[in-house]
Amino acid sequence: MIYQRYSAAMTGAVHSQLADQLLRSDGQEDVCLATYRPSTGIERWSSVLRQTVMPREGERLVHGNASFSTEYVLRVAAEAAADDCGVVALHSHPGGRGWQGMSDADKATEASYANLAREITGLPLVGMTLAGDQRWSARVWDRGVGRSIEASPCENVRVITPDRLRVSWNDIVRTRPQLGPTQMRTVSCWGDEAQANLARLRVLVVGVGSVGMTVAVSLAATGIEALATMDYDTVKNQNLDRLLGATGLDAFLGRSKAALSGRLMTEAATAQHPNHQYWEDSVCEPDGLRHALDFDVVFSCVDRPWARYVLNTVAYSDLIPTIDGGIHADPLPGGGMRGAMWRSHVAGPGRICLACNGQYHPSHVMMEKDGSLDDPTYIASLANDHPLRSRQNVSMLSVNCAGALLGQFISLVIGPGGQGDPGPIRYHLAPHWLQHDEQDACIEGCPYPRTTAAGDFRQDPTGSHSEAESERGSRSVARRNPIVRAGRIADNILVGARYRLRRAAIRRLDGQARR
């Protein structure tokens, strides 16, 4: 199957092993092989590198250029097949900088082994090149057979270390974004190169309630081109006090939070060519998970354990960093406020997972799956201070939590002052105390580090989500009301007109700036 996009990803540890092998002190090119697992989304196919397999004596030849032996390829292909993996062929261009093209010799070498690797493993050969500045390029030999075999270029290669996400971009497939006057202040903060990297990332916000909506709108205003949201819930009167941009009309019309986020992202967008999407799915459903696998970074702005379990899984198995957080408000029994705390952290290889960090308990996942968490009788039986009963939230606190999540995103992607992600942090409101958690590694025996780069062979965390199905069904029934239906048509016309006027104004401003 041919996909719309291709990508490759590896941990910082795998990158270091490969760089040590491929970037020689004598300046010659070198080669080696590795294995990968596929990670298949709806539009994107990624190869997540699993382990390096270094050549033995006589299995590769270095002669200015470098070449594999057939025995080396056969050995690694057999090992890969036994582990449900494909083969990665890697070589270096020590004098190169940035994304590398392929010479005729490079193409001939990879093509000569592509059919063999696919025949043995059942998966296409992935070719990768490491430049002297430690930037990667990649392609997937998935088109054609025999002498007519061709490679599909990847749009990026992602290296995920414990504190940074470093991305190499294919400027032909994923062109550098055009910068306009609407992004002038943003670019002045961290420069053209950082903005070009940031704006090209594919970012998904799961859960667009009080925290997630602020995050999504801020990302759109920053110029993220490929931005998406996912939420199955509906705008209701009781959440208007903490849902950015929502109105009583949205509640009356039964608008989904996802659709609201689509409108607000469109209005806030500063990218020249925004590609914003939203889905009324749950990430706990199979299609919701497959959408998530299309992205480079995921914001987890959810308050349920099952969704956190799903996102925690793909953070390790598919090498997609997950930025998570939450708020806990502590009201006094007789009225008033004792305090509040919000936290933020990044889950992924080399970092503490969301289960070990206490963001969800595995037993609560099963309770949500069997419907207990949606049973008012069961919830009423829990102690008042039980985490599953804590649903307090205030708009002013949500903004702080959203800011903490966005701050960790900037540290992860840009690394201000050379400093990456700081690890889990908490802010205690009453004493105004910022706390860096001491524990930043999973407890002994945690299964998630062992699932790193499992890809499509991860244990499936999804299932039928009755709450999401019920919420979507309720919206469908409400929309049959003639008044609601007419209101939605009129509102959509107005929103569309506002969008066209806004984009026309931005294009005019850009034209004036260029003149």
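The values are calculated or read from the model by the stated rules, or taken from the named source; none is laboratory data. Since the model is a prediction, treat every value here as computed from it, not as a measurement. Positions of Cβ are backbone-derived with ideal geometry, glycine not excepted, and every protein chain shown enters the neighbour counts.
Is it fair to say VAL157 is within 21 Å of VAL203 (Cα to Cα) and assigned to a strand (DSSP E or B)? For VAL157, the condition - within 21 Å of VAL203 (Cα to Cα) and assigned to a strand (DSSP E or B) - is met.
Among the residues of the range 441-453, those identified as farther than 16 Å from ALA292 by Cα and not in a helix (DSSP H, G or I) are ALA441, CYS442, ILE443, GLU444, GLY445, CYS446, PRO447, THR452. Residues in the range 47-93 that are within 14 Å of PRO124 (Cβ to Cβ) and touching a Pro at 6+ places or on another chain (Cβ under 7 Å): SER47, GLY86.
Sub-6 Å Cβ pairs linking a first residue in the range 43-64 that is among the acidic types (Asp, Glu) and modelled with pLDDT of 95 or more to a second residue that is buried (at least 20 other Cβ atoms within 10 Å of the Cβ) and not in a strand (DSSP E or B), at least 6 apart or interchain, are GLU43/ASP294, ordered by first then second residue. Scanning the range 144-162 for residues that are touching a helix residue (DSSP H, G or I) at 6+ places or on another chain (Cβ under 6 Å) and closer than 30 Å to GLY418 by Cα yields VAL159, THR161. Sort out which residues of the range 179-195 are closer than 15 Å to ALA269 by Cα and out of contact with any helix residue (DSSP H, G or I) (no Cβ under 8 Å at 6 or more places or on another chain), and write them in order of number. Across the range 179-195, the qualifying residues are MET184, ARG185. Residues in the range 1-27 that are among the basic types (Lys, Arg) and modelled with pLDDT under 95: 1 in all.
For the range 435-459, a tally of residues being without any contact (Cβ under 8 Å) to a residue 40 or more places away in the chain and surrounded by 10 or more Cβ atoms within 10 Å (Cβ to Cβ) returns 4.
Count of the range 404-445 residues, restricted to those that are farther than 30 Å from TRP169 by Cβ and within 22 Å of the chain's Cα centre (by Cα), is 2. Does ALA196 satisfy the condition of being assigned by TED's automatic domain parsing to the domain that holds ASN312 and under 30 Å from ALA468 (Cβ atoms)? Considered against the rule, which asks whether it is assigned by TED's automatic domain parsing to the domain that holds ASN312 and under 30 Å from ALA468 (Cβ atoms), ALA196 comes out as no. Go through the residues of the range 93-109 one by one and say whether even a single one is crowded, with 16+ Cβ neighbours inside 10 Å, closer than 19 Å to PHE457 by Cα and touching a residue at least 24 places away in the same chain (Cβ under 8 Å). Among the residues of the range 93-109, not one is crowded, with 16+ Cβ neighbours inside 10 Å, closer than 19 Å to PHE457 by Cα and touching a residue at least 24 places away in the same chain (Cβ under 8 Å), which makes the answer no. Of the strands (runs of 3 or more DSSP E) lying entirely inside the range 35-78, those containing at least 1 residues that are farther than 30 Å from LEU293 by Cα, over 19 Å from the mean Cα position of the chain (by Cα) and not polar (S, T, N, Q) are 60-63, 65-68.
Residues of the range 265-296 that are surrounded by 23 or more Cβ atoms within 10 Å (Cβ to Cβ), part of a helix (DSSP H, G or I) and more than 15 Å from the chain's Cα centre (by Cα): MET265 alone.
Among the candidates LEU319, LEU311, the residue that is under 17 Å from the mean Cα position of the chain (by Cα), assigned to a loop (DSSP other than H, G, I, E, B), assigned by TED's automatic domain parsing to the domain that holds SER411 and touching a residue at least 40 places away in the same chain (Cβ under 8 Å) is uniquely LEU319.
The condition of being buried (at least 24 other Cβ atoms within 10 Å of the Cβ) and modelled with pLDDT of 95 or more holds for VAL208. Could you list, in sequence order, the residues of the range 100-112 that are over 32 Å from the mean Cα position of the chain (by Cα) and assigned to a helix (DSSP H, G or I)? Passing the criteria: ASP104, ALA105, ALA108, THR109, SER112. In this structure, does VAL302 turn out to be within 18 Å of GLY209 (Cα to Cα) and part of a loop (DSSP other than H, G, I, E, B)? Against the criterion (within 18 Å of GLY209 (Cα to Cα) and part of a loop (DSSP other than H, G, I, E, B)), VAL302 qualifies. Scanning the range 457-515 for residues that are in a loop (DSSP other than H, G, I, E, B) and modelled with pLDDT of 75 or more gives ARG458, GLN459, ASP460, PRO461, THR462, GLY463, SER464, HIS465, ARG479, ARG480, ASN481.
For the range 322-355, the tally of residues that are within 16 Å of the chain's Cα centre (by Cα), farther than 18 Å from SER398 by Cβ and in a strand (DSSP E or B) stands at 3.
A search for C-beta distances below 8 Å between a residue of the range 252-267 that is closer than 15 Å to LEU240 by Cβ and any residue that is assigned to a helix (DSSP H, G or I) and among the polar types (S, T, N, Q), counting only pairs 6+ apart in sequence or on different chains, returns GLY254/SER474. In the set LEU23, LEU90, LEU33, LEU74, only one residue is touching a Cys at 6+ places or on another chain (Cβ under 7 Å) and assigned by TED's automatic domain parsing to the domain that holds ALA131; that residue is LEU90. For the range 33-71, the set of residues classified as surrounded by fewer than 16 Cβ atoms within 10 Å (Cβ to Cβ), in contact with an Asp or Glu (Cβ under 8 Å, 6 or more places away or on another chain) and acidic (Asp, Glu) consists of GLU43, GLU71, listed by residue number. Of all residues in the range 212-227, those that are outside any helix (DSSP H, G or I) have Cβ atoms under 7 Å from Cβ atoms of residues that are basic (Lys, Arg), 6 or more apart or on another chain, in GLU225/ARG200; ALA226/ARG202.
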